[in-house]
Amino acid sequence: MQPELVAKTLSTVEQEWKDQAAHFIECELQESKEDFISHCDSTPKSFHRSCETVVGAIVKASNGETDVTKEYMVDICSQSSLTAWRRDTCVALARDVTMKMTASSYENRVNFKADKVCNNFWSQFLAEQKVLHQKEMDAIKAEKKRAEEEAAERAKQEKEEAERRRKEELAKEEEKKQKEAELARMRDLLKKSESEAKKKDDEKLAHEEAEVNSLEEKAEEEIQSADQAEKGTESSIKEANEFEKEEEVEVEKEKVLKEKAQKKAPVKAAPVKAAPVKVVKKTAKKDTAMQRAYDVLAAAEAAVGPKPVKAKKAKEVVTKAAAPLKAAPQKAKEVVTKAAAPLKAAPQKAAVKAAPVAQKVSKASAKKA
């Protein structure tokens, strides 16, 4: 009887029945439309023809014997090709078939009413398919609802994410503006600081230049005064040298007179008077340095006696007095150099003051980058 082959055939037939039941259910749901009505009426007829053929084959294969039919259907329904709902359908069909069979195998072979079995089986099978269809529809609706909810949730999340990104962009833009404003403020502060520092340095430089100019003028005056004093001293030294020569001449004359007097013995030589001291005339000077030189020269002339040694001493005194006057130009130069030193350091000090502000601006620029 080949139950395995029959099971495979029954599996295909059961799928057709399932499709017919699903189509009939859809027709019932669309009964208000006339184009579906005629097509829906033909569905049960197609099922019955197929069902009666299968039932007749089962009864015939078992020779109309009820016990053989039961065993035969057990073998068919237990085949691996019938699983899940197909096995359940097979068992339900076997039950309906055996319930309609009589004790007479002959009666079953000749007069078995397969249409009654199929009518009963169709009612039960259709009811089960309606339940399954409803479950499927509920599952579809639930799945659709779930999909819609997920889509709504995704849309909500996407909207929230878009809003969050928009806020982040606005925050970043605001932060960028604040950084740019801070950087501009720092730059303005730097410019202002540099301007104020430059102004102070310029004022200080102008003040120091004025002081230097004043010192230079004073130094120039001292140099001119020293030059005049030096010239006056040199003139005094020259006059002192001439005076010394005159003294030497006088001494030589005195010596000659003494020698002549000694040759005229026993005449007593008259004492020789000291040669008159030649006083160098002085002219009044307003310049202090020249006045000091003339005072020194006058003191030297007063100290000169009738001997040449005193004239030489006068020359030494005058030379010593002129020494500070010669050093005056060098001292004036040192004063000017010392006064000019702060002016050279002014740009470097300005750079040191501006350095902290420049560092802040650099850090702000780096942070922005």
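From 98, 69, 102, 89, which residue is in a loop (DSSP other than H, G, I, E, B) and either aromatic (Phe, Trp, Tyr) or assigned by TED's automatic domain parsing to the domain that holds residue 55 (or both)?
102
So which of 128, 161 ends up being surrounded by 10 or more Cβ atoms within 10 Å (Cβ to Cβ) and over 30 Å from residue 93 (Cα atoms)?
Checking each option against the conditions leaves just 161.
Per-residue answers, yes or no, for (1) surrounded by 13 or more Cβ atoms within 10 Å (Cβ to Cβ); (2) more than 21 Å from residue 19 (Cβ to Cβ); (3) among the aliphatic types (A, V, I, L, M); (4) in contact with a Phe, Trp or Tyr (Cβ under 7 Å, 6 or more places away or on another chain):
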residue	(1), (2), (3), (4)
44	yes, no, no, yes
64	yes, yes, no, yes
82	yes, no, yes, no
108	yes, yes, no, no
132	yes, no, yes, no
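Are there any pairs, at least 6 apart or on different chains, whose C-beta atoms fall under 6 Å, with the first in the stretch 61-74 and on the phi > 0 side of the Ramachandran plot and the second in a helix (DSSP H, G or I), and if so, which?
Close Cβ pairs satisfying both conditions: 64/105; 64/108; 64/109.
Could you check, for the stretch 114-132, whether at least one of its residues is hydrophobic (A, V, I, L, M, F, W, C), in a helix (DSSP H, G or I) and more than 22 Å from residue 52 (Cβ to Cβ)? Working first, answer last.
So in the stretch 114-132, the residues hydrophobic (A, V, I, L, M, F, W, C) come out as 114, 117-118, 121-122, 125-127, 131-132.
From the residues that got through so far, the ones that are in a helix (DSSP H, G or I) too are 114, 117-118, 121-122, 125-127, 131-132.
So of that shortlist, the ones also more than 22 Å from residue 52 (Cβ to Cβ) come out as 131-132.
Taking every residue of the stretch 114-132 in turn, at least one turns out to be hydrophobic (A, V, I, L, M, F, W, C), in a helix (DSSP H, G or I) and more than 22 Å from residue 52 (Cβ to Cβ).
The values are calculated or read from the model by the stated rules, or taken from the named source; none is laboratory data. Since the structure is predicted, the reported quantities are computational estimates derived from the model, not experimental observations. A quick note on method: Cβ atoms are made from the backbone with ideal geometry, for glycine too, and the neighbour counts reach across all protein chains shown.
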